[in-house]
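Every number here is computed from the coordinates shown, using simple stated rules; none is lab data. None of the values given here were measured: they were computed from a predicted structure. Heads up, the Cβs are rebuilt from the backbone with ideal geometry, glycines too, and the neighbour counts pull from every protein chain shown.
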Amino acid sequence: MIELVKINKFYNAGENKLHVLKDVCLDIDNGDFVAIMGESGSGKSTLINILGFLDKNFSGTYKFNGVEIGKFSDNKLSQLRNEAVGFIFQQFQLIQNYSIAENVELPLLYQGKSYKYAREQAIKALDMVGIANQADKRPKQLSGGQQQRAAIARAIVHNPKFIIADEPTGALDSQTSREIIQLFNELNSKLKITIIMVTHDKNITYGCNKKYFMLDGVLQERENYEV
Ligand SMILES: Nc1ncnc2c1ncn2[C@@H]1O[C@H](COP(=O)(O)OP(=O)(O)OP(=O)(O)O)[C@@H](O)[C@H]1O
Ligand SMILES: [Mg+2]
């Protein structure tokens, strides 16, 4: 599904150019559960911004289902992003003034779907993550783990091709982290949802079938690593 060949990425840092991704190659297939580990500042978020069609300012080849996306217009790329990707963040990023159901409906409303259809799908997605009974509450009324479940429902509600989770357990205690990872493992094994997860915590990567380590912009496939 995803094929990266020799991706290079530079940031301008004053006079100097910062070489953040160095000849990164990566293949992701349907149904993969991928872990990307590595130290702070090594380039993990930069890489997943490219993977998630948020950043097209790179060199190298990115093929998505066989199509090279490098020359896509901004519009075409945002359309692909809205349809193909679900995002999950460390701090959940739920809209506080909206109910949980309204938050989960958003990706469908962005796609122009009706309110009725969006609500039906939102309730289904909330049911899949085990919090359909929280649909009418506001994010603040939920625990951290429940808020992350709502964010996961929002990420899967539109049937994306893959989901990207950047430190999804970074704001959770260890017990809640285990529950969230258990949910990821279920979504991956039962519903065959493709997941790309960035994490510092190698203890939560047990369900991943591909494990990568980013070291100063160089991506290596590895079973284990020592920081
Ligand atoms: N917009 C930007 N402009 C300039 N430099 C940037 C920008 N974004 C990131 N960087 C730099 O690029 C490098 C990689 O950053 P990145 O955010 O990808 O790291 P990371 O592996 O996700 O780190 P963390 O684990 O702390 O989230 C860092 O040196 C960072 O300072
Ligand atoms: Mg990061």
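Could you rank the peptides 5-17, 156-168, 206-218 by their average count of other C-beta atoms within 10 Å per residue, with the highest value first?
On the way: 5-17: 12.0, 156-168: 21.4, 206-218: 17.2.
Averaged packing, sorted descending, gives the order 156-168, 206-218, 5-17.
Lys/Arg Cβ at +1, Asp/Glu Cβ at -1, dipole of the chain taken about the Cα centre: which of Val104, Phe53, Gln182 is farthest positive-ward?
Looking along the dipole axis, the top candidate is Val104.
As a test of the formula, what do you get for the chain when each DSSP H run with n ≥ 4 contributes -39,500 (n - 2.57) and the sum is divided by the residue count, at 222 nm and rounded to the nearest 500 deg cm²/dmol?
Result for the chain, helices only: -10500 deg cm²/dmol.
Give me the dipole magnitude in Debye, nearest 20, for the stretch 1-141 about the Cα centre, with unit charges on the beta carbon: positive for Lys and Arg, negative for Asp and Glu.
Using only the charged Cβ atoms, the result is roughly 320 debye.
Order by neighbour count: Ser114, Ser177, fewest other Cβ atoms within 10 Å first, most last.
Least crowded to most crowded, the residues run Ser114, Ser177.
In sequence order, what are the phi-derived ³J(HN,Hα) couplings for the stretch 30-44 according to the Karplus relation 6.51 cos²θ - 1.76 cosθ + 1.60 with θ = phi - 60°, rounded to whole Hz, with x for glycine and proline?
For the stretch 30-44, the Karplus-derived couplings read 3, x, 5, 10, 9, 10, 10, 10, x, 6, 4, x, 7, x, 5 Hz, x marking Gly and Pro.
Using a 10 angstrom cutoff on alpha carbons, build the Gaussian network for the chain and name the most mobile of Ala125, Ala171, Ala153.
Top of the fluctuation ranking is Ala171.
Cα to Cα, under 17 Å, and not fewer than 8 places away if on the same chain: which aspartates and glutamates meet these conditions relative to Lys137?
Qualifying aspartates and glutamates at Cα under 17 Å: Glu102, Glu105, Glu120, Asp127.
With N set to the residue count of the stretch 118-227, report its C-alpha Rg divided by 2.2 N^0.38 Å to two decimal places.
Computed over Cα atoms of the stretch 118-227, the ratio equals 1.14.
Can you grab the distance from the C-alpha centre of the stretch 50-78 to the C-alpha centre of the stretch 160-200, Å, no decimals?
Each part's Cα centre sits 24 Å from the other's.
Treating the angle as unsigned and between 0 and 90°, give the value, to the nearest 10°, between the Cα long axis of helix 100-110 and the longest Cα principal axis of the chain.
Relative to the chain, helix 100-110 is tipped by roughly 60 degrees.
Students often get this wrong, so check it: of Lys63/Lys116; Lys9/Lys113; Lys44/Lys190; Lys22/Lys140; Lys56/Lys211, which have C-alpha atoms separated by over 30 Å?
Values: Lys63/Lys116 35 Å; Lys9/Lys113 36 Å; Lys44/Lys190 27 Å; Lys22/Lys140 41 Å; Lys56/Lys211 24 Å.
In this structure, Lys63/Lys116; Lys9/Lys113; Lys22/Lys140 lie more than 30 Å apart at Cα.
Grab the Cα-Cα distance for Ser189 and Asp27, subtract it from 0.36 nm times how many residues apart they are, and report the gain in nm with one decimal. Intermediate values should be presented prior to the final figure.
Details: separation 162, 0.36 × 162 = 58.32 nm, distance 1.91 nm.
Contour length minus the Cα-Cα distance gives 56.4 nm.
What order do you get for 68-76, 25-33, 85-93, 41-49 when each peptide is scored by the mean count of other beta carbon atoms within 10 Å, highest first?
Highest to lowest by the protection proxy: 41-49, 85-93, 25-33, 68-76.
Considering the convex hull of the alpha carbon atoms of the chain, report its projected area averaged over all viewing directions, in nm², one decimal.
Working: hull surface 51.4 nm².
The Cα convex hull of the chain, projected and averaged over all directions, gives 12.9 nm².
Please give the helix 174-191 orientation as an angle from the longest Cα principal axis of the chain, in degrees from 0 to 90, rounded to the nearest 10.
For 174-191 against the chain, the angle is about 90 degrees.
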